Amino acid sequence: MSLLGNMYNEFVANVDSRVKLLPLVGTSFAVPTIIAVYLLVIYFGPNYMNNRPAYSLKRFIQFYNIFQILANSIIIHMYVDGGWYKDVFIYCVPITYSTDAGSMKIVNAFWWTMVLKLLDFIETVIFVLRKKYRQISFFHVYHHTTTALISWLTIRYYAGGMTSFEPVVNCSVHVIMYGYYFLSSMGPKMQKLILPYKHILTIIQMIQLMILTLHVIQALLPFCNMPKLPLFVILLDLVINLFFFYNFYKKTYQKSKMKNK
């Protein structure tokens, strides 16, 4: 018990002093509780919907997609405004834990990134309410859960320096992705028009993951003064996601091409 107690004390004591007063960050229970509720909704949601008709939610989905496009675009601007492009970009830049204006803007951007990753859970709730259970795959749940968890841990301990590269790239990809989803929600004619380009979304996701993997590997090199253990965890998560995306691409698009021949 003393070992677990010491580990928990370290977990709490090492929180970045700049973020301790931020909502959902200073406490060690809020985000894990939200994730637990999310998993419970996935588990019990289909039973709740069992004797109920599926919801359409067309208008809500359109507004949700617009919100995601705007929110991700704003967050990208926040990172750039904090000096990401000028001071960090793609290189090994250690976390300074500075309280200067630029660093605090980056911290603020990390907080909004975390909030947005928690709001991404809405996508799964939409699947439950529309009875689109096939879309709630293990990969889908793993991706959303680990992304939210890593976003929370990053702002608690590693908000700054080269860790800002991942959310900038990810938010950029999400602008494209939700732009496609918004167009898709406009009706069958638009869906038919853009369907031939759908596979490109998965390719973009895989390219993103390969770029982020190379970026993390850079941070693991001896000359880069970054904490190595959390980077190994992130690297493992990136490789797992890349495997799932490639597997999805192979099953969904390569097999369909073979059938059409």
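In what order do Thr113, Thr27 fall by count of nearby beta-carbon atoms within 10 Å, going from fewest to most?
Thr27, Thr113
Starting from the Cα of Leu193, move 7 Å in the Cα-to-Cβ direction to define the label point; list residues of the stretch 32-75 whose amide nitrogen is under 19 Å from there.
What the label zone holds, given the 19 Å backbone N cut-off, is 59, 62-63, 65-66.
Over the alpha-carbon set of the stretch 164-253, divide Rg by the Kirkwood Rh and report the Rg/Rh ratio to two decimals.
When Rh is taken as the Kirkwood radius, the ratio is 1.09.
Can you sort Met206, Met190, Met114, Met78 by how many other beta carbons sit within 10 Å, fewest first?
In increasing order of surrounding Cβ atoms, one gets Met190, Met206, Met78, Met114.
Taking the chain as the reference, fit the longest principal axis to its C-alpha atoms, fit the long axis of helix 138-157 to the helix C-alpha atoms, and give the angle between the two in degrees, 0 to 90, nearest 10.
20
Once each part is reduced to its C-alpha centroid, what is the distance from the stretch 195-245 to the stretch 8-63 in angstrom?
After rounding, the separation between the Cα centres reads 24 Å.
Ala101 to Ile74: FRET efficiency via 1/(1 + (r/R0)^6), r the Cβ-Cβ distance, R0 25 Å, to the nearest 0.05?
0.85
Are there cysteines in the chain with no second cysteine's Cβ under 4.7 Å away, and if so, which?
Cys171
For the stretch 7-97, which chymotrypsin sites (Phe, Trp or Tyr not before Pro) pass both filters: DSSP loop (anything but H, G, I, E, B) and at most 16 other C-beta atoms within 10 Å?
Taking the stretch 7-97 and a limit of 16 other Cβ atoms within 10 Å, the loop chymotrypsin sites (Phe, Trp or Tyr not before Pro) found are Phe29, Tyr55, Phe89, Tyr91, Tyr97.
Viscosity 0.890 mPa s, temperature 25 °C: Stokes-Einstein D of the stretch 14-260 from its Kirkwood Cα radius, in µm² per second?
126
Working from Cα positions, state the angle (0 to 90°, nearest 10) between the long axis of helix 165-184 and the longest principal axis of the chain.
Tilt relative to the chain: about 20 degrees.
Taking the 0 to 90 degree range and rounding to the nearest ten, how far is the long axis of helix 198-220 tilted relative to the main principal axis of the chain, both from C-alpha atoms?
Computed tilt is about 10 degrees.
Can you sort Ser185, Ser73 from fewest to most other Cβ atoms within 10 Å of each residue's own Cβ?
The fewest-first ordering by Cβ neighbours comes to Ser73, Ser185.
In the stretch 229-254, whose amide N lies under 16 Å from the spot 7 Å out along Cα-to-Cβ of Leu220? List them in ranges.
Taking a point 7 Å out along Cα→Cβ of Leu220, the residues of the stretch 229-254 whose backbone N falls under 16 Å are 229-243.
Which is farthest toward the positive dipole end of the chain among Gly26, Ile74, Met206, measuring Cα position about the Cα centre, with Cβ charges +1 (Lys, Arg) and -1 (Asp, Glu)?
Positive-most Cα among the choices belongs to Met206.
Please report the relative contact order for the stretch 14-260, taking Cα pairs under 8 Å with a sequence separation of at least 6, and give it as a percent rounded to a whole number.
26
Every number here is computed from the coordinates shown, using simple stated rules; none is lab data. Nothing here was measured: the structure is a model prediction, and the numbers come from that model. Cβ sites come from the backbone with ideal geometry, for glycine too, and all protein chains shown count toward neighbours.
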